[in-house]
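Peer 1: Just dropping this structure here.
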């Protein structure tokens, strides 16, 4: 950029609103030693800074203004005290500055006493400042601990939710096992053993049926997990109506399955029981591959 | 006003005294510029306590860096205003992911200097008159550029005008303001 182009940038530079490439060009120009632009930029910065003056309300309430100025000074004074506590030598210089103000007239004994009192007051002020700083630090530490504890409580809450979910699952599994045990111990127990077919050669299952207990429970092992959007479905295949849906279940790789299922249709002659893989939600008649199949044993 | 100015130490003298460890000079500078800097900070920050904290940060930085202040690079007021604007923008950005600190209890023990207040009010009046004489479009571009953290492009988008027009208006407004202020200072 030439000199004139840079000059055109100066008002925007004073507003701190240059784009990065413009800023680089200006810096290079000033580094090259253009005193004219340097002086003009300084002048325009004065103009930009003066914009802040235009913000002062013409008629704000005096008490509020003074209170605000006091609050600002109080923040500064607290920092002066903190800095003094951290660097005694600088603080000593400051106190020296206060102490060396010119005395008027001869200092009498009462003035000496007043000076001692003033020194005492300064000492108390220093102590109060240090205590304030300590309290402030203690407060900040407590806030930090509180934040850490709040975070920990949130973590524990999440763990409780997870634990409740696990307990619910375990209760369901336990209920299924108890139901299976009841059926297995029933005097009218009938077992249907299901043998593996090609899709799951390592699988096996039984269906325990007790009409006295009005319950039938299916237990399987070695079935692979059903693919997404699929479910296993158990069938009673009767002489009268062919396949009758008996229940849906999911399997997890390496985990046994226990699931309550429907009793065989009353009064019908069950020829077979089978497990097929079907769309999620089940179907009324089998459509998918058969994984297990077996005939009821003797009554 | 002339009497008031004569009775007051110059800003530069206050900074020199601060460099020597005189905390009363810091207090005088705070009384002189605190309200104006807070007004600037409040344009960026909705929280009054945040604005006052920015002012305290600025004056504290001035206290710590008083020895390094170079009057040949600009006036004390430019130094303070530049620091305040920069810190207010930083805090505005930081506040977007942080909750505001608790408000402090007000105390009142400072006795304001009426002459100083009159002097500042007069200066402010000159500025407002100068701003009032600007074209309204120029004034809008200038104020949006200075009292926000928007880039040139963002200012253009907000005003719904081309980027080149934004630059022209900012430049023109600054030059007119400089001329107006120069005329008033005579």
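Bear in mind these aren't lab numbers, they're just calculated from the coordinates by the rules spelled out. None of the values given here were measured: they were computed from a predicted structure. Counting neighbours? That spans all protein chains shown, and the Cβs are built from the backbone with ideal geometry, glycine included.
Peer 1: Would you mind ranking B:80, B:159, A:180 so that the residue whose beta carbon has the fewest other beta carbons within 10 Å leads the list? Working shown, then result.
Peer 2: Working: B:80 26, B:159 16, A:180 20.
The most exposed by this proxy come first: B:159, A:180, B:80.
Peer 1: By counting other Cβ atoms within 10 Å of each Cβ, how are B:155, B:58, A:161 ranked from fewest to most?
Peer 2: Numbers: B:155 22, B:58 28, A:161 10.
Lowest count first: A:161, B:155, B:58.
Peer 1: Okay, next question. Taking 51 Å as R0, compute the FRET efficiency from the Cβ-Cβ separation of residue A:38 and residue A:165 and round it to 0.05. Could the numbers behind the result be given before it?
Peer 2: Numbers: r = 70 Å, r/R0 = 1.37.
With R0 = 51 Å, the Cβ-Cβ based efficiency is 0.15.
Peer 1: For residue B:96, put the label point 7 Å out on the Cα→Cβ axis and report which residues of the range B:135-152 keep their amide N under 18 Å from it.
Peer 2: Counting only backbone N, you get B:145-152.
Peer 1: Over the range A:233-299, what relative contact order in percent results from Cα pairs under 8 Å that are six or more residues apart? Write out the running numbers ahead of the final one.
Peer 2: Values: 114 pairs, mean separation 22.6, N = 67.
Normalised by residue count, the contact order of the range A:233-299 is 34 percent.
Peer 1: Still on this structure, please answer the following. Enter the mean number of other protein chain beta carbons within 10 Å of the beta carbon of each residue in B:172-178, as an integer.
Peer 2: Values: counts 1, 4, 10, 4, 1, 7, 9.
Across B:172-178, the average partner-chain Cβ count within 10 Å equals 5.
Peer 1: Please give the average number of partner chain Cβ atoms lying within 10 Å of the Cβ of each residue in B:126-138, rounded to a whole number.
Peer 2: Working: counts 3, 8, 5, 1, 4, 4, 1, 0, 0, 0, 0, 0, 0.
The shielding value for this peptide is 2.
Peer 1: Next question, about the same structure. Can you tell me, using C-alpha contacts under 8 Å and at least 6 residues apart, the relative contact order of the range B:1-97 as a whole percent? List each step's numbers first, then the result.
Peer 2: Values: 75 pairs, mean separation 33.1, N = 97.
It comes to 34 percent, rounded to a whole number.
Peer 1: Right, something else. Output the Kirkwood hydrodynamic radius of the range A:176-252, Cα pairs only, in Å rounded to one decimal. Spell out each step's value before the answer.
Peer 2: Values: mean 1/r = 0.0732 Å⁻¹.
Hydrodynamic radius (Kirkwood, Cα only) of the range A:176-252 equals 13.7 Å.
Peer 1: So how do A:173, B:16 line up by other beta-carbon neighbours within 10 Å, fewest first?
Peer 2: On the way: A:173 13, B:16 17.
The most exposed by this proxy come first: A:173, B:16.
Peer 1: Averaged across the residues of B:73-83, what count of C-beta atoms belonging to other chains lies within 10 Å of each residue's C-beta? The partial results should precede the final answer.
Peer 2: Values: counts 3, 6, 5, 1, 5, 9, 2, 2, 8, 6, 0.
Mean partner shielding for this stretch: 4.
Peer 1: Evaluate the relative contact order of the range A:174-299 (contact order divided by residue number), counting alpha-carbon pairs under 8 angstrom at least 6 apart; express in whole percent.
Peer 2: Numbers: 318 pairs, mean separation 35.7, N = 126.
Taking the mean separation of contacting Cα pairs over the length of the range A:174-299, I get 28 percent.
Peer 1: Further question on the same structure: With r defined as the distance between the Cβ atoms of residue B:46 and residue B:159 and R0 fixed at 30 Å, what FRET efficiency is calculated, to the nearest 0.05? Write out the running numbers ahead of the final one.
Peer 2: Values: r = 22 Å, r/R0 = 0.73.
Once the sixth-power term is evaluated, E becomes 0.85.
Peer 1: Mind ranking A:143-156, A:236-249 by how tightly packed they are, going by the mean number of other C-beta atoms within 10 angstrom, highest first? The partial results should precede the final answer.
Peer 2: On the way: A:143-156: 10.1, A:236-249: 16.7.
Answer by packing, highest mean first, reads A:236-249, A:143-156.
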